[in-house]
Every structure is written in C-alpha cells, then in structure tokens.
Amino acid sequence: MTSTQQRAALQRQIWQIANDVRGAVDGWDFKQYVLGTLFYRFISENFASYIEAGDDSIHYAELADSVITADIKDDAIKTKGYFIYPSQLFAKVVASANTNESLNTDLAAIFAAIESSANGYPSEKDIKGLFADFDTTSNRLGNTVKDKNTRLAAVLKGVAELDFGDFGGSDFETNQIDLFGDAYEFLISNYAANAGKSGGEFFTPQHVSKLIAQLAMHKQTSVNKIYDPACGSGSLLLQAKKHFDQHLIQDGFWGQELNHTTYNLARMNMFLHNVNYDKFNIQLGDTLIDPHFGDDKPFDAIVSNPPYSVKWIGSDDPTLINDDRFAPAGVLAPKSKADFAFVLHALSYLSSKGRAAIVCFPGIFYRGGAEQKIRQYLVDSNHVETVISLAPNLFFGTTIAVTILVLSKHKADTTTQFIDASALFKKETNNNTLLDEHIDQIMAVFDNKANVDHFARSVSHAEIAANDYNLSVSSYVEAKDTREVVDIAQLNAQLKTTVAKIDQLRKDIDAIVAEIEGEEQEA
C-alpha cells in the first residue's frame, strides 16, 4: 500500500470513528470532541517525544509525576509552551477510560492543568482556553455522568486506535506530525462540508487555499510573516506553510478570528502542524472594530477569505472614517456589506513589498455608491494587481462563483490584470474542485501578465475609469463563444438541395395523384 493509499485509509477510519461515537449527537455539535481529542493525543505524544529526546531508555509515560523537577518543568514550558505530567498523558487516560467512573471530571482537570501550566510564561495567551470548547460536563454527551463517560471513552479509544506510524518515510517524527495535521484538516473539511452554510465560514477548501497562498507569496524569496485578518480555522495560513519552505516565513503566522470556537480550532491547528507557540499569534476579536497587530504591521503576505457581505457598524461609528485603514478611501464600506472594509484593512496592513490575496463576493466589483468610490481609490492608487473570477461551487455552503482580488503596493506598471478562470474546475459529487493543473494555469498567466484570448487581459487605468471603475472580469475578458459555428454558404447549398428534392417529390406525388384520378374516370 502506498503512502497516499495509507493516508486515504486513515482518513476513512477517522471519519468512521467520528460518526460511530457521536451517536445521536449532531455531528456539527460533536466536532470539538473529536478534534479536541485528536489534539490532546498529539500534544501528549509530541511532548513525550520532546522529553525523551530520542533516548530509547526513557519512557516518559512510565515515570512518576514526583520525579519531575521544577527545572525540567520550567525548561519544557519555555520550549514547548505548556507542560504535561506523565499521569496526564493521553495514553495513560485511555488505558483506564472504560472503567474510570470520573473520566469526565478527570479530563476537565487535566485540560485545566495543561492550560494553567503556561501561566506567567510567554506562551500563556497561546495556551489559555484551548480546551474551552471540550466541555466534558455538557449534556450533549449524555444526560448522566455514566452516559458522558461512555461517549468520552469511545472517542478516546477511537482516536487511540488511529495508526500514525511511519508511512514510508525515514523521519518518523516528521511523518507522524504530517499525518496528525492531515487528519485534523480532513476532519475539519468534512465537518465543513456537512455543516451547510456555516461550514464555509470557518474553512477554506485546501485547493483554493493553495492558489491564494501562491498568489500572496509569488516570487517572494522570504516574507517577514503571513497574516489572515479573518483566519477561521487557520487553513489558509497553513497552506502557506505546506507549500513553501519553512525558512521562507521568518516570523511565523498571524491571524484574528471573531468566533471563539473557531479561534480555538485555529490555535490547535497550528500546534498540530508543528508550528510552535512562538511562531504563531492568533487573536480573538472583531477585526473591523477591534483590530489586533497594529504595532506588528506591515506584513509581507496577507491571505484571507472573509465573510461575504456581512453587516458592520460602518457609518454609525463616526470615528471610523478617520481610522488609518479607511480614511485614505474617503468613504466607508456600506453598513450592510462589509466586504470592502476587510479589503481596506488588509491593504493597510500590507508591506511595500508584499501582496494580499483576498476572496471576495463578486457584487462588490460592479455595484455603485460607496463601493464604486472605494474601487476608484484602489485603482487610482495603483494597488489592484489582478482580479480573478473562479468557477462556481468551489466553497462549502455556497454555490457563488467568487472572485479573488490581488492587492500590491509595488506594481511595476499602471495596468490591472483580469483573469477568467471560471472554466477551470473538476466536477465532483457535491462541490467543484481546482486541480493542480488549473492552479498552474492561473499562476503562469499571473506571472507573465500575458494577454490570452478568453482567459486573461491587462487593462489600462484609463479604460477602467471610462467604465466607471467596474472591476468585474466579464467586463474586460470576452467569454468564449461555445455555440456551434455555422457555415452559411454550406447551409444555403444544403437548403437548395433540400428544396429541389421537395419540389421533385411534389411533382412525383402530383403525377401519381393525376394517374389515380385518370383511372377512376375511366372506370
């Protein structure tokens, strides 16, 4: 069995476990227990591996908590960001899960201890509240303590049975980490796919994330840090890590997320992809009215799939028009459609050498009013590098054909590129998919800025201005006419032949009728 086949088998197994153990609990409500348990197992094994440091004579799980000195604990927290005693390890808890009548409270105590171990250390803010959504006392797990413990034990046992062994690689630890991260992303993807509209709010499909990451980091030999102002579960940020050498991103991954549960998923996701606490900074809050990282900007790469056309306070807060992010445009995004507020926020946080690649609702590229004025500001300031229209039904929870806006502060000319990639997709059962070959096609023309009939065109600012600053791709890239080409001359010739045949047939019929009528008269 190949590595790819083994990974596929692992993914089938973990999804089966996720469905089997939840019982009557809704899958969407149950996701944090499966994801949280996977995270608990990962940090336990990862921490034990760190303590053992490759010494086969040390088995951390077999040590007594009492042998752990204050210096060992202090050093570990400074390095890993948290501490787990041997008795608190996932493997130790699983071993007695079926018979432990206080399993739910024991788990709650362990999670609280892991989080509090970081108190007073630089990692405190990155660890605090990680297990907040893993509520072991919730009635969603069952009405009685026994019911709760039975379901918790089933989740623990199921995750414990997953084989994260060395799938064909020489570096066991690296491959193991890759598999944990893949499993986590797979679970999040499946939960998103089955969650309807809400699923698309916290997860960007990997194939689209890959394109966005490549656009934002194109031709950059290194970036200081990569930022997502509406980071969801962190999938966009982690695509940058997956597809580029780690040294390319010097100071790590930064993001802000409004939803508390999703914020926790993003932090777990970082750990599960072996991004240490000192290499990521994920904050909770409303990016538009309570932005973080103002002192940490600018960022060399920004990726984002913000919520489409959500309401925000906008002009109801008179101070926002003086905000450094929005003031240059001279107008605020409409209160009923915050899309351009996210765009202007990203532009404000972008460095002079960087790019921002943002997934946008298509309506913002042609509507009038404040949105037209913001488009004018973006174009006249020469910040719009490329606008890319994608195929419909690429995202969970919506069939909308979205558009990617690529912003830059270092454009070499004053044209804007438009790419019509709406025909690039593979039809799947529920959603369309971008293949690697499709991404390569888009990136090739993005790189060379060539004009390609029915696919890509670079347009002068004067033409855009004359078109009322409309930035819809369809306004500048002529769609290919897929109708059958008809040869008029050939068609006329065929018609003449057909008419001649019909005339001859009528003559033949008339002759037959005349002959019949003549015979009847003679009779």
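In the context of the full set of protein chains, residues of the chain present 46 Å² of accessible surface per residue (probe radius 1.4 Å, heavy atoms only). Taking GluC sites (Glu not before Pro) as exposed when DSSP calls them loop and at most 15 other C-beta atoms lie within 10 angstrom, the chain has its longest site-free stretch at 162-427.
A simple rule links phi to the HN-Hα coupling: the Karplus curve 6.51 cos²θ - 1.76 cosθ + 1.60 with θ = phi - 60°, which for segment 152-164 gives 4, 4, 5, 5, 4, 5, x, 5, 5, 7, 5, 9, 9 Hz, with x for Gly and Pro. With the convex hull drawn around the C-alpha atoms of segment 420-523, the volume per residue stands at 260 Å³. Proximity of backbone amide H atoms, modeled 1.01 Å from N, is registered between Ala456 and Asp420 at under 5 Å, excluding neighbours fewer than 5 places apart on the same chain.
Helix 488-522 versus the longest principal axis of the chain: what is the Cα-based angle in degrees, 0 to 90, to the nearest 10? Its long axis makes an angle of about 50 degrees. Within the set of other residues whose C-beta is less than 12 Å from the C-beta of Gly294, count the net charge using Lys and Arg as +1 and Asp and Glu as -1. Result for the neighbourhood of Gly294: -3.
Here the Karplus curve 6.51 cos²θ - 1.76 cosθ + 1.60, taken at θ = phi - 60°, turns the phi angles of segment 267-278 into couplings of 5, 4, 4, 4, 4, 5, 9, 6, 8, 5, 4, 7 Hz, with x standing for Gly and Pro. Shape class for segment 454-507: prolate, because the ratio a/c of the largest to smallest gyration tensor axis (alpha-carbon atoms, square roots of eigenvalues) is 1.5 or more and a/b beats b/c. Using a probe of 1.4 Å, the accessible surface attributed to His273 totals some 40 Å² when neighbouring protein chains are kept in position. Summed over qualifying helices (DSSP H, 4 residues or more, each -39500 (n - 2.57)) and divided by its residue number, the chain shows a 222 nm mean residue ellipticity of -14000 deg cm²/dmol. Ranked by the mean number of other Cβ atoms within 10 Å of their residues, highest first, the peptides 443-449, 236-242, 317-323 come out as 236-242, 443-449, 317-323. For the chain, the ratio of Cα radius of gyration to the globular rule of thumb 2.2 N^0.38 Å stands at 1.27. Hydrodynamic radius of segment 207-357 by the Kirkwood approach over all distinct alpha-carbon pairs: 15.5 Å.
Split the accessible area of segment 25-78 by element, probe 1.4 Å, and carbon with sulfur accounts for 50%. Scanning residues 5 or more positions from Ala230 or on other chains, those with amide H under 5 Å from its amide H are Gln256, Asn305, with H placed 1.01 Å from N in the peptide plane. Charges were assigned to the Cβ only: +1 to each Lys and Arg, -1 to each Asp and Glu. The resulting dipole of the chain about its Cα centre is roughly 1040 debye. Which pairs, out of Lys219/Lys241; Lys73/Lys128; Lys337/Lys427, put more than 25 Å between their alpha-carbon atoms? Where the Cα-Cα span goes over 25 Å, the pairs concerned are Lys337/Lys427. Need one word for segment 312-370: rounded, prolate or oblate. Basis is the Cα gyration tensor (sqrt eigenvalues a ≥ b ≥ c); a/c below 1.5 gives rounded, then a/b vs b/c decides. Oblate, since a/c reaches 1.5 and b/c is not below a/b. Using θ = phi - 60° in the Karplus curve 6.51 cos²θ - 1.76 cosθ + 1.60, the 3J(HN,Hα) couplings for segment 347-356 round to 4, 5, 8, 8, 7, 6, 9, x, 9, 10 Hz; x is entered for Gly and Pro. Solvent exposure of Ser304, expressed as accessible area, is near 0 Å², computed with a probe of 1.4 Å over the protein chains only.
Inverting the pair-averaged 1/r between distinct Cα atoms of segment 1-119 gives 16.3 Å as its Kirkwood hydrodynamic radius.
Ligands, DNA and RNA left out, the accessible area of segment 425-523 computed with a 1.4 Å probe is 51% carbon and sulfur. Local charge sum around Arg355 (other residues, Cβ-Cβ under 15 Å, Lys/Arg +1, Asp/Glu -1)? Overall, the nearby charge balance is +3.
The mean sequence distance of close C-alpha pairs (under 8 Å, at least 6 residues apart), as a share of the length of the chain, puts its relative contact order at 10 percent. Between helix 436-448 and the chain there is an angle of about 80 degrees, using the helix long axis and the longest principal axis of the Cα atoms. For Asn281, the residues whose amide H sits under 5 Å from its own are Phe253, Trp254, Gly255, ignoring neighbours fewer than 5 places away on the same chain, with H placed 1.01 Å from N.
The values are calculated or read from the model by the stated rules, or taken from the named source; none is laboratory data. Since the model is a prediction, treat every value here as computed from it, not as a measurement. No Cβ is skipped: glycine too gets one built from the backbone with ideal geometry, and neighbour counts run over all protein chains shown. Heads up: the accessible areas ignore ligands, DNA and RNA and are worked out on the full protein's heavy atoms, side chains in. Shrake-Rupley method; radii C 1.70, N 1.55, O 1.52, S 1.80 Å.
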